[in-house]
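> Starting off with a structure, shown below.
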Amino acid sequence: MAIESSKKIQSKIYIISYDVIGKKMAGPGIRFYEFAKILSNYLDVTLLTPNKIDIDTEGFKTRQYKVNNYKSLQRCVENSDIILIQGHILYYFPFLKNFKGKIIVDLYNPFNLESLEMFKDSNMEERIRIDKNN
């Protein structure tokens, strides 16, 4: 049974990719691009990326943010009901922790859940060092 599109739900979701979206994208970029395509059947989707997108984005909006300028991203998400993030976005953009809407965190690999358990007794400095090297 096919899922029917229902644009009646007009919640705004902002998908924040830390990876490049375009003709030469890796796994996380592909994943977030596909999220945007599918979710745009049901929600008002904006895909936020650190680069200018050079592929088809029919069905959803895109905006570029500056990685080293959190205000560029902050202005983008102010009107969103939902944000979808992955990896270390909250580390790089800590203001998102105070987002008033819903936050969806995609916990797929390479965000290594196993390392959370393996190094739970290590101090934070060591855990960050390990994480940066993985």
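Just so it is clear, none of the values below were taken in a lab; they were calculated from the coordinates. All values reported here derive from a predicted model rather than from experimental measurement. All Cβ positions, glycine included, derive from the backbone under ideal geometry; neighbour counts span all protein chains shown.
> Run the dipole for the chain about the Cα centre, Lys and Arg Cβ at +1, Asp and Glu Cβ at -1, nothing else charged, and hand back the magnitude in debye, nearest 20. Write down the numbers at each step before the final one.
Values: 20 positive and 16 negative charges, 115 e Å.
For this selection, approximately 560 debye.
> Next up: Return, ordered by residue number, the residues of region 38-68 whose backbone nitrogen is under 13 Å from a label point located 7 Å along Cα→Cβ of residue 23.
53-56
> Which whole-number percent gives the relative contact order of region 33-118, counting Cα pairs below 8 Å spaced six or more residues apart?
On the way: 79 pairs, mean separation 16.3, N = 86.
Once normalised by length, the contact order is 19 percent.
> Hand me the GluC sites (Glu not before Pro) from region 1-97 located in a DSSP loop with no more than 12 other Cβ atoms within 10 Å, in residue order please. Don't jump to the answer; show the numbers that get you there.
Details: sites: 4, 34, 58, 78; in loops: 4, 58, 78.
Counting only loop positions with at most 12 other Cβ atoms within 10 Å, the GluC sites (Glu not before Pro) in region 1-97 are 4, 58, 78.
> Loop sites only, by DSSP: take the trypsin sites (Lys or Arg not before Pro) in the chain that have at most 11 other C-beta atoms within 10 Å and name the longest stretch containing none of them.
Numbers: sites that count: 7, 8, 23, 24, 52, 66, 100, 120.
No qualifying site falls inside 67-99, the longest such stretch.
> Angle check, please: helix 27-39 long axis (alpha carbons) against the longest principal axis of the chain (alpha carbons), in degrees 0 to 90, nearest 10.
It works out to around 30 degrees.
> Rounded to whole Hz and in sequence order, give me ³J(HN,Hα) for region 73-83 from the Karplus expression 6.51 cos²θ - 1.76 cosθ + 1.60, θ = phi - 60°, writing x for Gly and Pro.
Coupling constants for region 73-83: 7, 4, 4, 5, 8, 4, 9, 8, 8, 9, 10 Hz.
> Could you give P(r) for the chain, binned at 10 Å from zero, as whole percent values over all Cα-Cα pairs?
11, 39, 34, 14, 3, 0
> Between residue 10 and residue 100, what FRET efficiency comes out of the Förster formula 1/(1 + (r/R0)^6) with R0 = 30 Å and r the beta carbon distance, rounded to 0.05? Provide the component values of the computation, followed by the final result.
On the way: r = 18 Å, r/R0 = 0.59.
Using R0 = 30 Å, I get an efficiency of 0.95.
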